[in-house]
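Take a look at the structure set out below.
Computed from the coordinates by the stated procedures, all read-outs in this text should not be read as laboratory data. None of the values given here were measured: they were computed from a predicted structure. When we count neighbours, we look across all protein chains shown, and the Cβ atoms used for this are built from the backbone with ideal geometry, even at glycine.
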Amino acid sequence: MTDEISMKNDPVSPVEDLTLPARGIRVRRLRLLGITKHYDVSFLDELEGGLKPLGLIAGRINTGKTAILRFIDYAMGASSYPNPSEVERQVRGVLLEIQTPEGIFTLERGLGAKNVLLYSSSIDALREVTGVGHVVEPISDPGSISQWLLATVGLQDVNLKEAPTKDDSGTDRLSFRDLMWLCLYYNERVGSQQLLHVGNHMKELKLRQVVDAVFGVHDNDQADLARRVRDAQSALDHQRRSVESLQEFVEQQEPQSIDGLHIQAEDLDKELAEITTELEQLTAREAAASDFASQLRQRQANLAAAAAAANALVRDRESLINRFASLRAQYADDVRKLTLLVEAGVIFDQLSVTVCPVCFNSLPVQEIREDGTCSLCRHDIHSGAESDEASQNRRNDEAELAKKELRAAKRRYKELDEYWQRLNRELPQLRERSFQAAQAESLANGELDKATRTAVSPFLGERNELEGRRRANLVHRNKVANGIKLYTGLQARLTSYDIARRSLEALRKEQRETKDRPDRTTIVRSISDRYSAILHEIRYPKVDEAGAPPPYLDDKLVPHVRGQHFKEASSGGQVLVTLAWMLAIFETAYEANHAHPGFLMIDTPQKNLGGIADDAEFADIHLVERLYDHIQNWLEQAGQGAQIIVVDNTPPTAVEDQVVVRYTRDPAMKPFGLIDNETGTAPGTEDVAVLDV
């Protein structure tokens, strides 16, 4: 078998008029899988079709705009996702529909999941295909989602030196997480030295290596490229053998072609729809034929309700009698104990010792002597002991207290016994009523059955026949669906194989063209020139100040303006410089068809600009307008096919038609926010933030 594996049984993808990118990724749709509903954000142009080159996410703060970028990043392998309480309550996973040179794919990742499912279809057609699992970590795994995404720009299996100046330096495998530094700029990197990861030497160094890798000028490029070609050839051979085995298995399990299965599925779906319609019509005819018995049905329903109520009353009464019987027995036991206590004081002598414990003869004297000594032990007992009168009074008080408790216990027992006896006397009557109600219901059921038997019986056979056809249809449809899934699984493997084959071809082409590639100095100069041109186009204040050199990037890609390091600029100036830097790298790489994914996401480009700028020079709203004019003009001309997504609270009116969603944070105006059913307007509460921006 040659590299071109037969794809004669490939399932047909959903028909859509689209232009696939030459390389890289375009974001089409994001869907958060909710528990009660799903939350969608689309970057498609609903009017003209296709993808919006510029997609603006607008609206008030704390409505989830930045969370959209974070969820896109999470679907592509980021380690964390937005996790405020409303997300934890409502969201269970993420779907991201993307466009690549190989077609449309959907990434699915559950919240907290360590793997990503990849479907070779749009979100709407996921049921028709089988997902292929890709791990998030380790990134060096050939089956990781990072390597799959890097393959869309030909950067899979790239190794970067830990110490570029040392020949024996160790290497790190390039990750799509690293490449996202050039694709996604959160608020903290806009207008800040965090743009270049200043303060973290290793990240700062790696950022420059990532830029070099995108432009194909990283260290040890030739040897690394040769190794990647060998690895790609080995991986392609392995995938070819895997696909051949799977093709053989599919042919054994499902001899029918994919086209035949799709035709069968359509026929079965039509048949099921017809059966469902016939069942609905049968139900309507059956109801019409038995309408004359509506009064009997109502009477039967009323009697059934009465019988159920009577039966429930009997059960409640029996349960009540059983509970009170236990309480009654407890009260009777209390009365017996108290009676014994009262009578004990009268029957028995208080002096408990009348027989000598030594010789067992009767004691002649059982009292205390006049000298205050005991007649038994001769000990003095008057010291500290109570007098005879006090002792007698105490015994009398105890006896009276016992009598009071006995009278109270007898009263409680009498009241409970009378109530319990009354419940027992009423129980037979309740049982009789329940029996009569059940009899009445049974008679009503018989009358109803008799009245409707002749009307309903003709429909029973027809219903059974339709239900049998429906069950047979569902069984057959399930078998056909399983056959389609076999082919879609094969299609996913074939697609992966084709991606690997094209990646190998691209690597070999890159290897042949290496000699004609410009060096790093030339690349940095071209990025620097574009950076300067952008600042001039948006009319950065005093950009042509007398005596100052034009804006430029140094060898470490650090931007300078007005002859100074960009950190010396005001806060508004730093924002414009960082925006020009990220646009310069993106535009230069895209126009020269270098290994940039082809999409750019920016969070809050108006930070410290316009009316909120701390410097009058940058309080000019026209700076923002000219920035958007530059972006639109570039996307319409040299940047055709690229994609830029911007989160902006209040974008200029000139780009209003590029807004894909605008959140209001007003429950009366939809959409409220990304999680639009979490408005925080429950009674007694105030509006709460939907998601951190």
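From the phi angles alone, apply the Karplus equation (6.51, -1.76, 1.60; θ = phi - 60°) to the stretch 552-568 and give each ³J(HN,Hα) in whole Hz, x where the residue is Gly or Pro.
Those phi angles translate into 7, 10, 7, 5, 8, 6, 7, x, 10, 8, 6, x, 10, 4, 5, 5, 7 Hz.
For Arg28, what residues show an amide H to amide H distance below 5 Å, using hydrogens built from the backbone and excluding near sequence neighbours?
HN-HN under 5 Å from Arg28: Glu97, Ile98, Gln99.
Once amide H atoms are built 1.01 Å from N in the peptide plane, which residues 5 or more positions from Gly110, or in another chain, come under 5 Å H to H?
Val94
Can you work out ³J(HN,Hα) from phi for every residue in the stretch 100-115, in order, using Karplus 6.51 cos²θ - 1.76 cosθ + 1.60 and θ = phi - 60°, giving whole Hz and x for Gly and Pro?
The phi angles translate into 10, x, 8, x, 8, 10, 10, 9, 10, 9, x, 5, x, 6, 9, 9 Hz.
Beta carbons within 10 angstrom, averaged per residue: use that to sort the peptides 596-602, 429-435, highest first.
So the order, starting with the most tightly packed, is 596-602, 429-435.
Can you bin the stretch 526-630 into rounded, prolate or oblate? Criterion: square roots of the alpha carbon gyration tensor eigenvalues sorted a ≥ b ≥ c, rounded for a/c under 1.5, prolate for a/b above b/c, oblate for the rest.
oblate
If packing is taken as the average number of other Cβ atoms within 10 Å across a peptide's residues, how do 118-126, 320-328 rank, most packed first?
Ranked from most to least packed, the peptides come out as 118-126, 320-328.
Roughly how many Å is it from the Cα centre of the stretch 546-560 to that of the stretch 391-449, as a whole number?
The stretch 546-560 and the stretch 391-449 have Cα centres separated by 99 Å.
So what J values fall out for the stretch 61-74 if you push phi through Karplus, 6.51 cos²θ - 1.76 cosθ + 1.60 with θ = phi - 60°, rounded to Hz, Gly and Pro as x?
In residue order, the calculated couplings are 5, 6, 10, x, 5, 5, 4, 4, 5, 5, 5, 4, 4, 5 Hz.
Going through the cross-link list Lys65/Lys542; Lys37/Lys670; Lys52/Lys567; Lys114/Lys161; Lys607/Lys670; Lys270/Lys485, which pairs have a Cα-Cα distance over 24 Å in this structure?
Violating the 24 Å Cα-Cα cut-off are Lys65/Lys542; Lys52/Lys567; Lys114/Lys161; Lys607/Lys670.
Amide H to amide H under 5 Å from Val158: which residues, 5+ apart in sequence or cross-chain, H placed 1.01 Å off N in plane?
For Val158, whose amide H was placed from the backbone, the distant partners under 5 Å are Leu174.
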